Amino acid sequence: MMKELKNRFRSIYWQQFSLIAGIVLLTLLLLGASFYALSYNYLVGEKRDEMKMRAQLIAQMSVDYLTADEVDESQQDSSLSSMAGVASMMTEVNFLICDEKGQALLTTDNALAGRSIRLPEELSSQILNDQDGFQGYTTLSGLYNMRQFAVGLPVKSVDGQVVGMVLAMINSTQLMRMWRAFTGLFFTISAIVLLIAFIASSFMSMRQIQPIKEMLRGTRAYAAGNFDMRIADEGRGDEIGELARSFNMMADSLSETERQRRDFIANISHELKTPMTSIAGYTDGILDGTIPLKDERRYLQIISDESHRLSRLVRRMLDISQIQSQEMHKEDFDLCESMRIALLSMEQKINQRGLDVEADIPEDSVMVRGDNELITQVIYNLLENATKYAADHSTLYLGLACRGEKAVVTVRNTGNTIPAQEIPLLFERFHKSDKSRSVDKDGYGLGLYVVKTILNQHKEKITVTSENGVTAFSFTVQMADSARNYGEEQEQ
């Protein structure tokens, strides 16, 4: 159970989900820390400046109060107390007016009314001696249960003499109230954003992981030999959709390969069964005396012919395997010379059929780029196929034309017309056209397959036309750079 749970958390879904969640959390934490520091400093600074400005105003107003004669003291006291009270109500700031010794003369805080208050010496000293006065937190030697944020300024007369002090104070909880409101709002929004991010990342992760899970099931099915499973890409245009489509293309290719493998096994079994059955049957007939002594030589000749046929079939299959696996050695070579060599190699078979040859091969060299040996094999196989199926005493055509960047080789014969539905099957392994059209009954259906294999390796094309008894095979070869101008002149 623990192992299964551990493997589950190692999955791509949880890795991606954890990564996105971690990034979102880290981003929110960094933003939160930055917001905390900036908002705190901003609000405290704003409140400090406001309190300092109010303290300066009260200090200016209290000059007359602190320097007044005893006759006007009560009137000044009443006036200053009223104005300080109004300022306190407007700003939630309490004011404490003291003489130059720190003895409180007037306060707007009802909690301190009627009490004898004297500022601590260190606080009074800082207010009087510091250029900016006092700014900080204090409890006034225990008069307040909670720390108060205070701004203290000296009160100076017109001639610059210190006559008293003004202390503006506010409860720290009131100072932080707005900041805490902002902080609470920030964390609420952060929680909502985090929840949305988790839901979105979970949805996106599941949407990305689902096709991969299907691919995993598909690979297991393919490993078991079942190539029918396909991945639904749901019209996705992203990399996952492209991967799903490529996966389906691979499945189609594997399915086609499996079909070809089965066909190949069936065909090769059929092709091998016929000569092997003949060899075994005639050999057993000779050994058990079923075949008369006078006929033994004739049947031994049949056994020899079948053995050679079997050997040629196996050799041809090995040639195909070698062609498919070997690397091509592309080089510039004279295609005209290769055509002449292939035609001379077919001379004996052509003469046996009594065919006339029409060779349309340029006298000048036509340089192409490819594997000389393999291209020569293509021409030879096409000539051999055309010779087999040509009508006796007809004309066999071999020609070369240059068209831009391609040289086009054409092999044409006259015989029976190949049905249109059979033309796409000509290049399949072991496919044979109707043997009644050919004098040669010993074909294996591999010659044209070799042609197609070689041309596919060269990324070249071959076309077949068959009308009114005339059948033509045409394939292309890449022209060498030095021969392209020649091809363009011919095309013009």
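The values are calculated or read from the model by the stated rules, or taken from the named source; none is laboratory data. No experiment lies behind these values; they were computed from the predicted model shown. Here Cβ is always computed from backbone atoms with ideal geometry, including for glycine, and neighbour counts include all displayed protein chains. Quick note on the areas: whole protein, heavy atoms, side chains included, nothing else; ligands and nucleic acids left out. Shrake-Rupley method; radii C 1.70, N 1.55, O 1.52, S 1.80 Å.
Solvent-accessible surface (1.4 Å probe) assigned to Arg118 amounts to roughly 130 Å². Measuring r between the beta carbons of Asp49 and Met146 and using R0 = 25 Å, the FRET efficiency lands at 0.65.
Ligands, DNA and RNA excluded, the heavy atoms of Arg261 present near 110 Å² of accessible surface to a 1.4 Å solvent probe.
Here Ile196 sits with roughly 100 square angstrom of accessible surface, probe radius 1.4 Å. Shown is the FRET efficiency for Phe35 and Ala113, computed with R0 = 51 Å from the Cβ-Cβ distance and rounded to the nearest 0.05: 0.80.
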